Amino acid sequence: MKTILITGAGGYIGSTLVGYFLDAGYRVKALDRFFFGEEALAAHANHNSLQIIKNDVRHCSPDIFAGVDIVIDLAGLSNDPSSELDPRLTEEINQKSPPRIAAMAKAAGVKRYMFASSCSVYGHGTGVKLTEESALAPVSLYAKAKIEAEKELLKLADENFTVTILRNATCYGFSPRMRFDLAVNLMTLHAVKYGKITVMGGGDQWRPFVHLADLARVYQMVLEAEKEKIQKQVFNVGSNDQNYSIVQLAHAVKSMFPAVTVEYAPDDPDRRDYNVSFDKLEKQFGFKTQKCVRDGVLEIKRMLESGQLKDDIKTITVKYYKYLLDADAVLNRVKHNGKLF
């Protein structure tokens, strides 16, 4: 039974991976500051193979790596608008912390390190089917921080320390730490709650998508793969058939809500536009997705309509970060070394 340290374990992806790897028979150390609460891991809190560590990737000590075989590094301010709130924090958490975590892991004898990057590094891409070798054109601080972290992480790889970069497509589907600031999830929420879907910026901009369940399968494939397949490799994580323009996505969601209307807003501050190739992942691992957008929409729709899932301020990441920064009562409760972050 191998031990995985997951940073950002209380997040949208992290809370999903914790449950997934516990079910797969791994021991898991779950590291997070838990700004969004520890409820995301509540279902596993008493699991014999889970250790929850409430700490910060910028300040944690090397002893957390004791007995760890693999690190999955998900920690960070989790999307483009959140990263713009405080550039200093973004640099500290998203750019400088991954190499810090990887270096400590390497020194502690950990054998494998996997970094959760993002397809947003392609930014305003030129052409379609962008590969891992395509030019990067970041349009956000979030993406720029991911790129700089990738560069430093790959330098740490050697015969005893395997480093793999996973550039995730935009995720969708239910998570114990739910987010409604992701396109599929947001469109589904608005279809249920308001009976309409709003397409920003004309809708011609491309995005790739992947269901959380398929993402978890990829992470397991990579961490169990032969070293030669993954050492110093970068993989786009998703599938070619889930590249959608935003207007295509809106109509895919609408197809499950006959009465819902699609409206258009001409302006959108988000300038990302990228159509991505996932051929390398399929060729290396024979990976094919098992979930599609329809599956994600239906699972969220059922949970919203049954009352099992609700939207609140915590489900919109940037709004909740702003709340934490602005509310004195919260500031006093979650200060760390005299600072919120």
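Values quoted throughout were computed directly from the atomic coordinates according to the rules given, and no laboratory measurement underlies them. Computed from a predicted structure; not experimentally measured. FYI the Cβ positions are ideal-geometry reconstructions off the backbone, even for glycines, and counts take in every protein chain you see.
So here's what we get for this one:
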read-out: Structure-derived Rg/Rh (Cα atoms, Kirkwood Rh) - corresponding label in [x] 0.94; [y] 0.98; [z] 1.01; value: [x]
read-out: Förster-model FRET efficiency, 56 Å R0, M1 and T198, C-beta, rounded to 0.05; value: 0.75
read-out: Too-long pairs where the Cα-Cα distance tops 27 Å, listed order kept, from K29/K283; K29/K229; K129/K229; value: K29/K283
read-out: The chain: antiparallel DSSP beta bridges as a percent of all, rounded to 5; value: 10 percent
read-out: Gain on full stretching of the segment that runs from M303 to R271 - 0.36 nm per residue minus C-alpha separation; value: 8.4 nm
read-out: Amide H contacts of Q51 (H built 1.01 Å from N, under 5 Å, at least 5 apart or other chain); value: V28, K29, A30
read-out: Residues of type lysines that K310 reaches as a straight line, Cα spacing below 27 Å, ignoring anything fewer than 8 places off in the same chain; value: K54, K193, K196, K254, K291, K301, K319, K322
read-out: Residues in the range 14-31 reached by a label modelled at E224 [backbone nitrogen below 20 Å; 7 Å Cα→Cβ]; value: 14-29
read-out: Potential lengthening between I313 and D158 on full extension [0.36 nm per residue; Cα-Cα distance subtracted]; value: 51.5 nm
